[in-house]
1. Suppose every K and R has +1 on its Cβ and every D and E has -1 on its Cβ; what is the size of the dipole of the chain about the Cα centre, in Debye to the nearest 20?
2. Contour minus end-to-end for Asn333 and Leu187, with contour as 0.36 nm per residue of separation and end-to-end as the Cα-Cα distance?
3. Evaluate Rg over Rh across segment 83-190, taking Cα atoms for both radii and Kirkwood's formula for Rh.
4. On a full-extension model of 0.36 nm per residue, what is the gain between Asp389 and Lys355, subtracting their alpha-carbon distance, rounded to one decimal in nm?
5. So which trypsin sites (Lys or Arg not before Pro) in segment 73-110 pass both tests, a DSSP loop state and at most 16 other Cβ atoms within 10 Å of the Cβ?
6. For segment 266-300, which trypsin sites (Lys or Arg not before Pro) are in a loop by DSSP, counting at most 10 other Cβ atoms within 10 Å?
7. Just want the answer: with Cβ charges of +1 for Lys and Arg and -1 for Asp and Glu, which residue in Phe367, Ser399, Val89 is farthest toward the dipole's positive end in the chain?
8. Can you give the extra length, in nm with one decimal, that the chain gains between Tyr321 and Asp76 once fully stretched, where that is 0.36 nm per residue apart less the Cα-Cα distance?
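The values are calculated or read from the model by the stated rules, or taken from the named source; none is laboratory data. Quantities reported herein were computed from a predicted structural model and do not represent experimental measurements. FYI the Cβ positions are ideal-geometry reconstructions off the backbone, even for glycines, and counts take in every protein chain you see. What goes into the accessible areas is simple: the full protein's heavy atoms, side chains included, and nothing from ligands, DNA or RNA. Shrake-Rupley method; radii C 1.70, N 1.55, O 1.52, S 1.80 Å.
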Amino acid sequence: MKRFLLSVVSAVAILTVSAQNPIIRDQFSADPSALVVGDRVFVFPSHDIPAPEDYPRKDWFCMADYHVFSSSNLIDWTDHGMIVDQKEVPWVNSTSYSMWAPDCKEHDGKYYFFFPAGAKPVEGQRWGGGNRVGIAIADKPEGPYTPQEKYMEGPMGIDPCIFVDDDGQGYLVMPGITITKMSEDWLSTDRSVSHRVEGVPTKGLVEGPYLFKANNKYYMTFPWARDSTEVLAYCMADNIFGPYEFKGVFFEEHPNGCWTNHHSVINFKGQWYLFYHHNDYSPNFDKNRSVCADSLFFNADGTIKVVKPTLRGIGITPSNYQIQLDRYSEIGNGASIAYLNTENYFDGWKLLLSKAGAFAQYNTVQFSKAPKNATVMAKGNGVVALYQDGVKIGSVNISSDSFAVANGSVKGKKGLHHVKAVLESGSVEIDWVQF
Ligand code: FUB
């Protein structure tokens, strides 16, 4: 009955959000594991929540369930609802709030969702059951998922990752870092075929391993607390069981001091993408994080180019969407951004243009027809000129004490363009622009 209810919740809790970075805007989300299924990308993150009454650790990670999200265009993300809940898994301590980084992969036509959680205390003993790895199985990536009655025998700890090699063989990768062959039914591992990865730094915490393959090379990537907070680093090998060689850092520390990072890498329609997290919607508490994504590129020798996190993120934005200029590709001449509402950070950001020449550029906008009108949600007094690829297409006069829509005529072109807003006079705040 409980599982039936969970399926019903999953079936109705569908919400579509349109996003740049962060890509998930209706809740906190962390530790994203992305999976390509056909022409969609599914993201299985963990779900940070502010600590409720029955969880005493107000300064720590607090995670009670998992949601799954998907997108076909990397811009519109659908929340398929909750798929696994700490209260619904027989072996999980229902008040442990420790559903940390998960992973999901397809095997024999079914989807196997691997998740760590705090196990119920062992009967007759005083101590807890420790962190174990559980599996929930579904026919479709969006669920509904049915959790196994028991956790996997063997692996203990957090951050399970499942890697599927070209021959279909699955491997469980755990922090340590170890790679262990999965048994045929994917419900256990064959511990006689296991390898400890060499080359991994021995100083500073290493967690969240994510193994992927590109151009016949194995990339063992992992968050690493090199100095004060986590960077993303990697080792490379020609064979699944190594030898692996340390290749360095491909994502630097978050400048604002967000302590963790955790990631996954996919190739979707020929482009590589990195999914990771950062505490955008919780600037004062880095245990409430949000999933972001950016493009990833390789050097000619197969090493990974350093990924620079952007606000613009990935995907092509249709011109008739509310284009969030505060998620800019480039900004200059004194332009800045600020939260719209510091009482509710999920309201997002605004762009502040306060002197002539201040600008923000937002790249890759698809105009399905030549734009004739621009709508700007803004406040203040001033004139904002709009450009396509450096060519001025018109301007909008803004004159309002509170956020209101202002319209202006433009004469632009159809096709894929970079959009730029430049303040010509006055001082304004912009929430979004639409064509
Ligand atoms: O989200 C909780 C933990 O923080 C993850 O399991 C780690 O990888 C780190 O991101």
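1. Working: 39 positive and 48 negative charges, 223 e Å.
Here the chain has a charge dipole of around 1060 debye.
2. Numbers: separation 146, 0.36 × 146 = 52.56 nm, distance 5.72 nm.
Here the answer is 46.8 nm.
3. Details: Rg = 13.6 Å, Rh = 14.1 Å.
With Rg and the Kirkwood Rh in hand, the quotient comes to 0.96.
4. Values: separation 34, 0.36 × 34 = 12.24 nm, distance 2.18 nm.
Extra length available between Asp389 and Lys355 comes to 10.1 nm.
5. Numbers: sites: Lys87, Lys105, Lys110; in loops: Lys87.
Here the sparse-neighbourhood loop sites are Lys87.
6. On the way: sites: Lys269, Lys287, Arg289; in loops: Lys269, Lys287, Arg289.
Taking segment 266-300 and a limit of 10 other Cβ atoms within 10 Å, the loop trypsin sites (Lys or Arg not before Pro) found are Lys269.
7. Projecting each Cα onto the dipole axis, the largest value belongs to Ser399.
8. Numbers: separation 245, 0.36 × 245 = 88.20 nm, distance 1.05 nm.
Net length gain for the segment: 87.1 nm.
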